[in-house]
């Protein structure tokens, strides 16, 4: 009998997140989720996930990963299949994700963004 399980080496080349709704204490859950996405992208792994919560703010569809409408499991499976079968796409998305982490999600840049928001808010009061 032939082994019908997928080649596990192909499955270690991307990050899949399947949760669709945060539990109670959603703020902490969403922050942890975003960190997981950033960690995967930092390791040049494209992300496959639902387009919900903070995910679209971190994962750019068709650039650093593939996003599916919330709760659309067939679309999620199609996106997963697409990346498993296309090493060139995985590499391109992985490289783009890494570049985004290195430029958009570094502490200095995040601090500058927070300072800009505070300056805007303080200027309006």
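Between 110, 80, which is in contact (Cβ under 8 Å) with a residue 60 or more places away in the chain, part of a helix (DSSP H, G or I) and out of contact with any helix residue (DSSP H, G or I) (no Cβ under 8 Å at 6 or more places or on another chain)?
It is 80.
When region 61-72 is examined, which residues are found to be more than 13 Å from the chain's Cα centre (by Cα) and either assigned to a strand (DSSP E or B) or in contact (Cβ under 8 Å) with a residue 24 or more places away in the chain (or both)?
70, 71
The conditions are (1) in contact (Cβ under 8 Å) with a residue 40 or more places away in the chain; (2) surrounded by 14 or more Cβ atoms within 10 Å (Cβ to Cβ); (3) out of contact with any helix residue (DSSP H, G or I) (no Cβ under 9 Å at 6 or more places or on another chain), and residue 75 fails exactly one of them. Which is it?
Evaluating residue 75 over (1) in contact (Cβ under 8 Å) with a residue 40 or more places away in the chain; (2) surrounded by 14 or more Cβ atoms within 10 Å (Cβ to Cβ); (3) out of contact with any helix residue (DSSP H, G or I) (no Cβ under 9 Å at 6 or more places or on another chain) leaves (1) as the failure.
Where residues in region 42-60 are in contact with a helix residue (DSSP H, G or I) (Cβ under 8 Å, 6 or more places away or on another chain) and assigned to a helix (DSSP H, G or I), which of them is surrounded by the most Cβ atoms within 10 Å (Cβ to Cβ)?
Here the residue is 58.
Of the numbered conditions (1) modelled with pLDDT under 95; (2) surrounded by fewer than 12 Cβ atoms within 10 Å (Cβ to Cβ), residue 70 satisfies every one except a single condition; which is it?
In the conditions (1) modelled with pLDDT under 95; (2) surrounded by fewer than 12 Cβ atoms within 10 Å (Cβ to Cβ), residue 70 misses (2) alone.
With the structure loaded, tell me whether residue 95 is surrounded by 13 or more Cβ atoms within 10 Å (Cβ to Cβ), farther than 12 Å from residue 47 by Cβ and within 16 Å of the chain's Cα centre (by Cα) or whether it fails that test.
Yes; evaluated as a whole, the condition is true for this residue.
The values are calculated or read from the model by the stated rules, or taken from the named source; none is laboratory data. It should be emphasised that the depicted structure is a prediction, and the values quoted were computed from it without experimental measurement. Counting neighbours? That spans all protein chains shown, and the Cβs are built from the backbone with ideal geometry, glycine included.
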